[in-house]
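Trainee: The structure follows.
The values are calculated or read from the model by the stated rules, or taken from the named source; none is laboratory data. As the structure is a prediction and not an experimental result, all values here were calculated from the model. Positions of Cβ are generated from backbone atoms using ideal geometry, with glycine treated the same way; all protein chains shown enter the neighbour counts. Remember, those area values only see protein heavy atoms, side chains included, never the ligands or the DNA or RNA. Shrake-Rupley method; radii C 1.70, N 1.55, O 1.52, S 1.80 Å.
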Amino acid sequence: MDTMKNFKRSCYCGEPRISDVGKEISVCGWVQRSRDLGKLIFTDVRDRTGIIQLAFDDATAEDVFAKAVTLRSEFVVAAKGVLRERSSKNKDIPTGEVELDVKDLRILAQSETPPFEIVENSDVNDMLRLKYRYLDLRRPDMQRTIAMRHKVAKLARDYFDENGFYEIETPMLTKSTPEGARDYLVPSRVHPGSFYALPQSPQQYKQLLMLAGFDRYIQIVRCFRDEDLRADRQPEFTQIDLEMSFVDQDDVIAVNEGFIKRVFKEILDVDIQTPFLRMPYKEAMDRFGSDKPDMRFGIELCDISDIVKDCGFKVFSGPAQGGGSVRLICVPGGAEKFPRKKIDSLVDFVKTYGAKGLAWTRLADQTTSSYAKFLTEEENAAILERAGAKQGDLVLIVADAKNDVVYASLGALRCEIAKRLELTRKDDYKFLWVTEFPMFEYSEEENRYVAKHHPFTAPMDEDIDKLECDKAACRAKAYDIVLNGTELGGGSIRINTPEMQESMFRALGFTDEEANLRFSHLINAFRYGAPPHGGMAYGLDRLVMLMTGADSIRDVIAFPKVQNASEPMTCCPDVVDDKQLTELCICIAEKSNKIVL
């Protein structure tokens, strides 16, 4: 194989233009393909910027031409020559008017035949792509995505620096304070039997930085949560994390709207209008069944509990009388687009969200309904009037004794219908702030109230007296930023007095001893003068996913995990040597088999 000795790259493959004809240039990259036409060889060479055509003909030195004959896909090469105009131009690529008349060719590395072709928008099986991720990342669309991620991160640093933020690193090895998602634990060799936790977020550290007087903090930080994966979730992820002192909610929102406006303009050349719409949590749930509603389309929820509360149909009256609710969505023009067979598929869909069924009425030429015969004529008319239904529409109803089930199933159903009817575009960006979140939510698993966001969130001023005595009615100074039905980030104004923090821990069911054991460092710090402060964090992965139009954050992360939190390329997690376990004073109760991917 050749080497790079005395060879210097002068430009990237995607840079030369017709104005550069006659210049001597040198490029490096991977062979995309090579076409041997006998006495004429054309080879496309690719790097992260694009493709350039190398040309070899009867004027090419004999030794150089001999090397060109051996070129195969994914060989690594370096080439030097004179740029000339192509006789057959390719308008599909920026370098399509020029080619390199090669005078010096070096084969730096050969390649076996790759398991899939390195081409744009490959339809190769995801697991195969991830197993050979280093090859998958060579594809031009993946290269552009990772480049955009870099630009978003750089712009974040620049923007927040311009607005007075310091970038400060916080520890990766932290204290485990389980309250929310599960921690990833790291055993300590020096302190046998003790464990660090990988941070779920830098929350406590960044609050302590406010107490330390740094006033404005920013960090692009890796975080870890041992939780089930979804398309927009990974066990390790990156946050754009920030905190500000002497602010209220409006201040935090204003600086972050400025950031979003800058990102979308400079990277996508999209003008985002500010200020963003704001909506209280309760309104979002009542209208859209979700605390992260997609605002690109309507199809809002409608409560008909009062209409059916005393009807003779127990499927409706039971939940309405028992503390649950009966709600509907009306799909304009849905009667024609959803015949009975497709409605049955919607019934199956809502059952995955806990609904027991889906009642419906199709206002077609001949109106049909799954429930109308159980209600009076007046009740049926009142439902359709409340729904605003007209001829040609489809009315879909969910009833349940648990409001959460009604919200979840109808909220997901409206999005599923919008997907099937193609009501949205990926390049239509609708931002929303959801505010006034509940301070607590009841955990059936733990049989107690837990913090909706985290235990450092301040209650709304008018709800302070409800913190310990009326948890269900207590609202938080918390806010989430939502884009097209995806939560981009969230934050809150924080508690900044020891008395309020101790009250919050009591509300969560902690004894004073438990609170001190877990959080004494924070409570004690608050005794030394903590300024009013607040902040938020973005999911960098999710932001880039939405900006690129990707379907999963796996497509915007260089080396992601899959559904079971494993990595197909390196086959981790994996077993470790007994010697390592002994050094860490760890005994495996029952060894599991090595993961097979």
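Trainee: Kindly report the accessible area of segment 47-202 per residue (heavy atoms of protein chains, probe 1.4 Å, no ligands, DNA or RNA), in Å².
Mentor: Working: 8530 Å² over 156 residues.
Normalised by residue count, the accessible surface of segment 47-202 is 55 Å².
Trainee: Note down the nm distance, to one decimal, between modelled labels 7 Å out along Cα→Cβ at Asp2 and at Asn447.
Mentor: It is 7.4 nm.
Trainee: Taking a cut-off of 20 Å, what percent of all Cα-Cα pairs in segment 175-323 are separated by more than that? Present the calculation step by step, with values, prior to reporting the outcome.
Mentor: Details: 7965 of 11026 pairs.
Summing the P(r) of segment 175-323 above 20 Å gives 72 percent of all pairs.
Trainee: Compute the distance in nm between two label points, each set 7 Å from the Cα along the Cα-to-Cβ direction, one at Thr497 and one at Asp126.
Mentor: Output for this residue pair reads 4.9 nm.
Trainee: Can I ask one more? Relative to the present Cα-Cα distance, how much length would full extension add between Thr424 and Phe297 at 0.36 nm per residue of separation? Mind showing how you got there, number by number?
Mentor: Numbers: separation 127, 0.36 × 127 = 45.72 nm, distance 0.71 nm.
So the extension gain works out to 45.0 nm.
Trainee: For segment 30-133, take every pair of Cα atoms, bin their distances at 10 Å starting from 0, and report each bin as a whole percent.
Mentor: Result, from short to long distances: 14, 44, 30, 11, 1 percent.
Trainee: How would you order 292-302, 85-95, 400-410 from highest to lowest mean count of nearby Cβ atoms within 10 Å? Let's see the in-between values first.
Mentor: On the way: 292-302: 19.0, 85-95: 12.5, 400-410: 21.3.
Result, highest mean first: 400-410, 292-302, 85-95.
Trainee: Would you list the P(r) distribution for the chain, with all Cα-Cα distances sorted into 20 Å bins from 0 and each bin expressed as a whole %?
Mentor: Values per bin, smallest distances first: 16, 39, 33, 12, 1.
Trainee: Let me ask you something else. Can you tell me the order of 58-69, 484-495, 349-360, 143-154 when each peptide is scored by its average per-residue count of other Cβ atoms within 10 angstrom, highest first? Numbers along the way, then the final one.
Mentor: Numbers: 58-69: 13.9, 484-495: 21.7, 349-360: 17.8, 143-154: 16.1.
Descending mean neighbour count gives 484-495, 349-360, 143-154, 58-69.
Trainee: Something else about it: Could you give the C-alpha radius of gyration of segment 507-566 expressed as a fraction of 2.2 N^0.38 Å, taking N as the number of residues it contains?
Mentor: Numbers: Rg = 19.6 Å, N = 60, 2.2 N^0.38 = 10.4 Å.
It is 1.88.
Trainee: Still on this structure, please answer the following. Dividing the convex hull volume of the alpha carbon atoms of segment 360-493 by its residue count, what do you get in Å³ per residue? The partial results should precede the final answer.
Mentor: Details: hull volume 24.5 nm³, N = 134.
That works out to 183 Å³ per residue.
Trainee: Sticking with this one: Ordered by packing density, taken as the mean number of other Cβ atoms within 10 Å over each peptide's residues, highest first, how do 450-461, 512-523, 118-129 rank?
Mentor: Per-residue mean Cβ counts within 10 Å order the peptides as 450-461, 512-523, 118-129.
Trainee: Just going by the charge dipole of the chain, with Lys and Arg at +1 and Asp and Glu at -1 on Cβ, which of Val77, Ser503, Val575 is farthest out on the positive end?
Mentor: Toward the positive end, the furthest listed residue is Val77.
Trainee: Can you give the extra length, in nm with one decimal, that the chain gains between Asp465 and Arg35 once fully stretched, where that is 0.36 nm per residue apart less the Cα-Cα distance?
Mentor: Values: separation 430, 0.36 × 430 = 154.80 nm, distance 7.74 nm.
Stretched out fully, the Asp465 to Arg35 stretch lengthens by 147.1 nm.
Trainee: Pull up the cross-link candidates among the lysines for Lys23, meaning alpha carbon to alpha carbon under 26 Å and not fewer than 8 places away within one chain.
Mentor: Partners within reach: Lys5, Lys8, Lys39, Lys67, Lys80, Lys89, Lys91, Lys103.
Trainee: Quick one: if the Förster radius is 30 Å, what FRET efficiency do Ser176 and Glu266 give, using the C-beta to C-beta distance and rounding to 0.05?
Mentor: Details: r = 40 Å, r/R0 = 1.32.
About 0.15, to the nearest 0.05.
Trainee: May I ask you to give the percent of accessible area on the chain that is carbon plus sulfur, with a probe radius of 1.4 Å? Write out the running numbers ahead of the final one.
Mentor: Values: 14770 of 29890 Å².
Carbon and sulfur atoms account for 49 percent of the accessible area of the chain.
Trainee: Using a probe radius of 1.4 Å on heavy atoms only, what accessible surface per residue do you get for segment 411-513? Whole Å² is fine. Spell out each step's value before the answer.
Mentor: Working: 4470 Å² over 103 residues.
In whole numbers, segment 411-513 has 43 Å² accessible per residue.
Trainee: Still on this structure, please answer the following. Which far-off residues, 5 or more places away or on another chain, put their amide H under 5 Å from the one on Tyr371, with H placed in the peptide plane?
Mentor: Under 5 Å from the amide H of Tyr371: Trp360.
Trainee: Next question, about the same structure. At q = 0.20, 0.22, 0.30 Å⁻¹, what is the base-10 log of I(q)/I(0) for segment 302-355 according to the Debye formula with one equal point scatterer per Cα and no solvent? Please give it to two decimals.
Mentor: Debye intensities relative to I(0), on a log10 scale: -0.87, -0.95, -1.04.
Trainee: Same structure, new question: Would you please give the FRET efficiency between Arg48 and Ala382, computed as 1/(1 + (r/R0)^6) with r the Cβ-Cβ distance and R0 = 56 Å, to the nearest 0.05? Working shown, then result.
Mentor: Numbers: r = 63 Å, r/R0 = 1.12.
Efficiency computed from Cβ-Cβ geometry: 0.35.
Trainee: Across segment 543-553, in residue order, what do the Karplus-derived ³J(HN,Hα) couplings come to in whole Hz, using 6.51 cos²θ - 1.76 cosθ + 1.60 with θ = phi - 60° and x for Gly and Pro?
Mentor: Ordered by residue, 3J(HN,Hα) equals 4, 5, 4, 6, 5, 8, x, 5, 8, 8, 5 Hz.
Trainee: On to the next question. Please enumerate, by chain and number, the aspartates and glutamates with C-alpha under 15 Å from the C-alpha of Lys309, excluding those fewer than 8 residues away in the same chain.
Mentor: Glu378, Glu379, Asp400
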